[in-house]
Structure formats: C-alpha cells, structure tokens
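Just so you know, all these numbers are worked out from the coordinates, no wet-lab data involved. It should be emphasised that the depicted structure is a prediction, and the values quoted were computed from it without experimental measurement. We place every Cβ from the backbone using ideal geometry, glycine too, and count neighbours over all the protein chains shown.
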Amino acid sequence: MMSQETRGEDWLDTLADEARRSSQARVAAKIGYSPGVVNQVLGGTYKGDLTAVQKAVEGAFMDGTVECPVMGTLAGNKCLTIQRRKFAGTNPQRVQLWRACRSGCPSSRIGGDNNE
C-alpha cells in the first residue's frame, strides 16, 4: 500500500467524490464505518483514528492493498474489517487471523496482546 506521504490528501478527495456520486451512507458501508464517521471526516471534525479511515478508503476505492500473513494480498478495507471481528474458535482461519492481527502484523491497527 502506498504511504500517506505518497498519496497526500488524494484519499480525502476520493472519499468526497464517492460520497457525492452516491451517498455518505453507501460510502460508509463500503469502507466499514458509520455514515457519521464519513460526515465527520469530510467535515474535518473526526477525532478517531484517521489513518485507519484512510486505509479503508484506499482499500475500497483506490486499489490499496496489504499483505496478510494468513490470506495473502487483500484490500486494505477488508484487512480492517477482519481486525474488527470478534474471536471465533470454531473456524481455523479466523483463529489464525485473530492471532496474526495481534502478534506483529505490520498492517494491524490493534497491536500485540490486545484482546478487543
């Protein structure tokens, strides 16, 4: 995935363009955030993890990808969605993903030893 310095504010322009083309609600669903978050980001008032929103926008609309140690190459927004999932010990891949997301994956927004 390209760094923030490389992309500059392109992701914000992309988010605004996509919201104008469809709606903030549809864009929010595609990036895995609420319409309120999209509205706050576009309005410059979002106090949450802006880098995570950026990665979601890049993944959903700008072909931004990450290398997952379990699943290989995937869209940045898909990576963030996987990180938010609750633990499911009934699915071996979900167990692998749970562990990978919490044990040093460079794409993880969670960090190690965090049992969110």
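With R₀ set to 35 Å, the beta-carbon distance separating S22 from K86 gives a calculated FRET efficiency near 0.75. Taking θ as phi - 60° and the Karplus parameters 6.51, -1.76 and 1.60, the scalar couplings of the range 55-65 work out to 4, 5, 5, 4, x, 6, 10, 10, 6, x, 10 Hz in sequence order, x denoting glycine and proline.
For the chain, with the dipole built from +1 on Lys and Arg beta-carbon atoms and -1 on Asp and Glu ones, taken about the Cα centre, which of Q93, A29, C105 lies farthest toward the positive end? Checked the options; the winner is Q93. Taking the Cα centre of the range 4-61 as origin and assigning +1 to Lys and Arg Cβ atoms and -1 to Asp and Glu Cβ atoms, the resulting dipole is close to 280 debye. For R109, no residue 5 or more places off, or on another chain, has a built amide H under 5 Å of its own.
Among L42, L80, L15, sorting on how many other beta-carbon atoms sit within 10 Å of each Cβ, with the fewest leading, yields L42, L80, L15. Simple spin-label estimate for A29 and Q93 gives 2.4 nm between the two label positions (7 Å along the Cα-to-Cβ direction from each Cα). Here the chain is treated with +1 on each Lys and Arg Cβ and -1 on each Asp and Glu Cβ, and its dipole about the Cα centre works out to around 600 debye.
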